[in-house]
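Written below as structure tokens is the structure these notes are about.
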Amino acid sequence: MKVVVEKHPLAIRWFHWLNFPVLALMIWSGLWIYWANDVYRLGWGRTTLLKFFPQSFYAAFHMDHKLAQGMSWHFVLMWVFALNGLLYVLYTALSGEWRYLLPTRRSFREAWQVVLHDVGLRKEPLPPRKFNGAQQLAYTTVILMGAGSLLTGLAIYKPTQLGWLTTALGGYEWARAEHFALTIGYVLFFLVHIAQVVRAGWNNFRAMVAGFEIQDVPTAPTETTAPAAPSAATAVRP
Ligand code: HEM
């Protein structure tokens, strides 16, 4: 029998879906700024394996010569990103949602089991909780990354006024590199997150939009002494 199960509170869904376009625009405008002084690469000595980014990349996406526009967008949206993130963290802390989200001691072992399951080396089903260990680790990490982006961003935005912060983060050059590395981290998180959402399917995705999931529960025996099965309209938290 199918039952409706509440999964994601309305507030969390708003914070999540607002965060996505804001973060995407922050990365986009960040690239407009980065173009003006694109110093990072993967390599050693004179050998470069990967340059962030080749001119063809900026040209393809019309990202060149937009430093001033990039700064304007970036510095407006950072307030939205910061406020949305702060409210999300406050809501998660006060509503008790943190209990589903924060990793526990078993999360690391479970995350490894999820990896084995996802590559087809483990057949046992994953734990039927709201978030498994891998999700707890990934989501908590990305929230901490958000805080990291704000701090490193502030350190390079106001390195004089917030000199103590810039110094604590290793100086201007280090803070800038940390800010850039966190952005690469979001892109990697995003790729894995989307792949997992596609893999988990429509029921899981709809829950992040509408708030509920449809679950199959075994039907109770029809004897009069048997406890009543939940009605299809029952809404329960996992
Ligand atoms: C880079 C942008 C994104 C970030 C940082 C992000 C982050 C997160 C976080 C932290 C959660 C856990 C929320 C909670 O319950 O407190 C979450 C859940 C979720 N996200 Fe995202 N997300 C992003 C983009 C997206 C996109 C584009 C989609 C869909 C196409 C998506 C679909 C989902 C779904 C379906 C869940 C629930 C997962 C589940 O219940 O198993 N996210 N995301």
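The values are calculated or read from the model by the stated rules, or taken from the named source; none is laboratory data. Predicted, not measured: the structure shown is a model, and the values here were computed from it. Counting neighbours? That spans all protein chains shown, and the Cβs are built from the backbone with ideal geometry, glycine included.
Restricting segment 159-213 to residues that are among the small types (G, A, S) and over 30 Å from L42 (Cα atoms) leaves a set whose member that is surrounded by the fewest Cβ atoms within 10 Å (Cβ to Cβ) is G201.
The set of residues in segment 40-65 that are under 15 Å from A177 (Cα atoms) and either aromatic (F, W, Y) or touching an Asp or Glu at 6+ places or on another chain (Cβ under 9 Å) (or both) comprises Y40, K51, F52, F53.
Where helices (runs of 4 or more DSSP H) fall wholly inside segment 115-228, the ranges with 3 or more residues that are touching a residue at least 12 places away in the same chain (Cβ under 8 Å) and either within 16 Å of the ligand (Cβ to nearest atom) or under 21 Å from L23 (Cβ atoms) (or both) are 133-157, 172-200, 202-210. Within segment 88-130, being under 19 Å from F205 (Cα atoms) and modelled with pLDDT of 95 or more holds for E97, Y100, L101. Check whether at least one residue in segment 82-102 is in contact with a helix residue (DSSP H, G or I) (Cβ under 7 Å, 6 or more places away or on another chain), under 26 Å from L137 (Cα atoms), not in a helix (DSSP H, G or I) and not β-branched (V, I, T), and report yes or no. The answer is yes, given that some residue of segment 82-102 is in contact with a helix residue (DSSP H, G or I) (Cβ under 7 Å, 6 or more places away or on another chain), under 26 Å from L137 (Cα atoms), not in a helix (DSSP H, G or I) and not β-branched (V, I, T). The strands (runs of 3 or more DSSP E) found wholly in segment 1-78 and carrying at least 1 residues that are within 15 Å of the ligand (Cβ to nearest atom) and closer than 21 Å to W202 by Cα occupy 2-6.
Does segment 229-238 hold any residues that are more than 10 Å from the ligand (Cβ to nearest atom) and modelled with pLDDT of 55 or more, and which are they? R237 - this is the single residue of segment 229-238 that is more than 10 Å from the ligand (Cβ to nearest atom) and modelled with pLDDT of 55 or more.
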